[in-house]
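The values are calculated or read from the model by the stated rules, or taken from the named source; none is laboratory data. The shown structure was predicted, so the numbers you read here are calculated from the model rather than taken from an experiment. Here the Cβ is made from the backbone with ideal geometry for all residues, glycine too, and neighbour counts use every protein chain on show. Accessible surface is based on the protein model in full, side chains and every heavy atom, while ligands, DNA and RNA are left aside. Shrake-Rupley method; radii C 1.70, N 1.55, O 1.52, S 1.80 Å.
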Amino acid sequence: MTSGREDDRREIIWRTKAPDILDLVAPERRKLAGDLATWLEQLRLPVRFLICSRREAPGPISVSPSPVGPAGDLQGALEAHLAEGMRQRPTFRRQVFVAVPSTGNGIDGGPAASSTAWFKGEGRPPALAEGPWREHPTMLRAGGRWLTSLWLERLPGVEVAPGWLWSLVGVPGEFDLVLDVWPRADGEADRSLRRRMLGLRARELAAGQRGEDGDPRLQAALASASRLREVLARSEGKLFDLALTVTVAGDSPGEARQLVHHLRSGMAALRAALVPAWCDQGPARLQTGLLANQPSGPRRVVQSAELASLWPWLDDWDGKTAGAVNLGRHLRTAAPVWLNLHDAAVLPNANLGVVAASGSGKSYLGGLLGLEAVRLGVRTVVLDPENEHRRWCEAVGGQYLSLGESIPSGFNLLEMAEPGEAPSAVAELVSLLCGQLSPAEVGQVADAVRWTLSRAGTGTAVLSDCLPRLRQSEVGEAVAHRLLPWLDGTPGALFNCPGRGPAVVTAAAVGLRELPAAWVPAATLLVSHWLWSWIRTQPGRKQAIVDEAGLLADNAPLQRLMAHLARRIRKYQGSLVLLSQSAGDLLGSAPGEVMAVNSATMLLGSQHPAAAVRLQQGFLLDDTQRQWLERAGRGQFLLLLGSRRSPIQIEAPARYHLLLSAEHGP
């Protein structure tokens, strides 16, 4: 959108979006800061960055079609939870606008020209306060609100990294912050610095003649001017004039003063200084409203790399909820965290890996993902070794099968496996039941399966139907003798029963805790094949959750099958969620690494120091992120999404929590 100015020069105002640099891996942070510095060095005319912080109002969650039944109940619970959360803990959205001259800058109208990570569109900044104002020495009264403006008088006196502006924009309140930037020609900048250094040295000599001790501020100013001249001499950047003005708004004078206190305290921690625009509140507000071209506050000289460290895009929440699960809130920005695992434009696959130490809220998170899938109409299956997901699964109309109890549907491998894979799959099952088979025994079992399936035709065959064929040879007779105890009684109800597994209407979970330990590998193999069969044949989006995936570590066939699922589940609109206590479960074996590589999204929870180091190496974390994992509390996770590393707090609506907390805490 274009708008006229007092000097009749026209500007284009772009509404821009870019990654939150504080949530990125270190190499990406350096790259983006370098991209911004390069773009700034191309400027020939002034540019302005406006950061608008506005309180976000709760709104409806986009779900199509509108959910009914248990899904509708969950939808209502989530909307009420988000609305109450925003009332108790206000959420602020920070948008960035860039104002550039409409012609003559040589930058093609905006920062998006220099980096594919930046996006822009025409837009108008939202109003901070509307209506005529009345000016006071320290405040403005406008539209029933109280506004106070401040200037940046001194830049940080400590070493800072790109993103340090969060000390200002992270304040929970409504404000407009404008960065006015004027590029300086190299020759003019050098002459100005030379004059400044001569003046500073003259003051230093005069102080020495009066016998005064050295003024540290004078020495710092000399060092800064000398450093800036070296930047020009070495062609390491360009110099700019910078003015920073911020206007905060409160519904009362006390609220406005409190925001001012927070802003000044944040800057003081960096040994920087914000000062009130005494008796200049009107001109300062015109500046933050992009209605004046010349700021009335102080200017500071900075070089391009320093200017790029004021990266203004520090909140990339887009508010998109369609098809996304709500995980909780961002620990730094307090914005709701939405994750759409099926967003093909962002993610190469819909798989999610969760690694967290015991007691970190990992299973609670798994249950939350299951409930959110039900809300979205995504059918969900849970492999539950510890029987922790029964309550929520049954509460939403799902089916819970504890394999140590009587179950209504069998898991018959001869029915579930694809015809060409059935012989090898049954041979693996028999090997898990009877102990390692020799190559000759594997051949006998595979031959018996093919013979049994050919005789059954379109009918149903079970494992005991293979016995006549096995008994036709000495080798097969030995296998049949070892297999026989598994085909009758309680074991037979699981391993020798017809059925293709349960039908999944909303959700289904399979519990393994009541099984004897010796049965678990074979039973899990059956369930895994049922999962694969269900994923192939179930239309629409679907989700498989494997809790305590560490049980795969001692079972090579299951590892291979899960790695197969991780690679191929996207083809069938599926999502595989693996929850594990140890990094070694994913990074300690070739199949586990396949699962890690094929999980486009990761959630890392609390870790012991040694495990945190391993995750740091495997997922390109910096030292700060590794230390965060070591200190993370219950329900706190680091969300890894591409190059993003976002700290989040898992939070669930009260109804969700009631269904989940009876079995595992938040």
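Points to keep in mind about this one:
- Residue in the stretch 648-656 that is assigned to a helix (DSSP H, G or I) and open to solvent by less than 70 Å² (accessible area, probe 1.4 Å) present: yes
- Among the residues making up the stretch 312-323, those that are at pLDDT 90 or above and in contact with an Asp or Glu (Cβ under 9 Å, 6 or more places away or on another chain) are 313, 314.
- Taking strands (runs of 3 or more DSSP E) as the structural unit, those lying wholly within the stretch 470-581 and holding at least 1 residues that are in contact (Cβ under 8 Å) with a residue 12 or more places away in the chain, at negative phi and of a type in the set (D, E, K, R) correspond to 542-546.
- Of the residues examined, residue 600 is one that is hydrophobic (A, V, I, L, M, F, W, C), surrounded by fewer than 21 Cβ atoms within 10 Å (Cβ to Cβ) and modelled with pLDDT of 75 or more.
- Options 410, 353, 366, 404: the member that is in contact with a Leu (Cβ under 6 Å, 6 or more places away or on another chain), open to solvent by less than 20 Å² (accessible area, probe 1.4 Å) and closer than 25 Å to residue 494 by Cβ: 366
- Set 217, 229: member being in a helix (DSSP H, G or I), at pLDDT below 70, within 30 Å of residue 257 (Cβ to Cβ) and open to solvent by 30 Å² or more (accessible area, probe 1.4 Å): 217
- Hits in the stretch 558-580 - residues which are at pLDDT below 85 and either of a type in the set (D, E, K, R) or open to solvent by 10 Å² or more (accessible area, probe 1.4 Å) (or both): 559, 560, 561, 564, 567
- Tally of residues being farther than 11 Å from residue 385 by Cα and crowded, with 20+ Cβ neighbours inside 10 Å across the stretch 507-520: 3
- Within the stretch 484-506, being aliphatic (A, V, I, L, M), surrounded by 15 or more Cβ atoms within 10 Å (Cβ to Cβ) and over 19 Å from residue 433 (Cβ atoms) holds for one residue alone: 504.
- On the stretch given as the stretch 257-285, residues that are more than 12 Å from residue 171 (Cα to Cα) and surrounded by 15 or more Cβ atoms within 10 Å (Cβ to Cβ) total 13.
- Some residue of the stretch 315-332 being closer than 27 Å to residue 86 by Cβ, among the hydrophobic types (A, V, I, L, M, F, W, C), open to solvent by less than 10 Å² (accessible area, probe 1.4 Å) and in contact with a helix residue (DSSP H, G or I) (Cβ under 6 Å, 6 or more places away or on another chain): no
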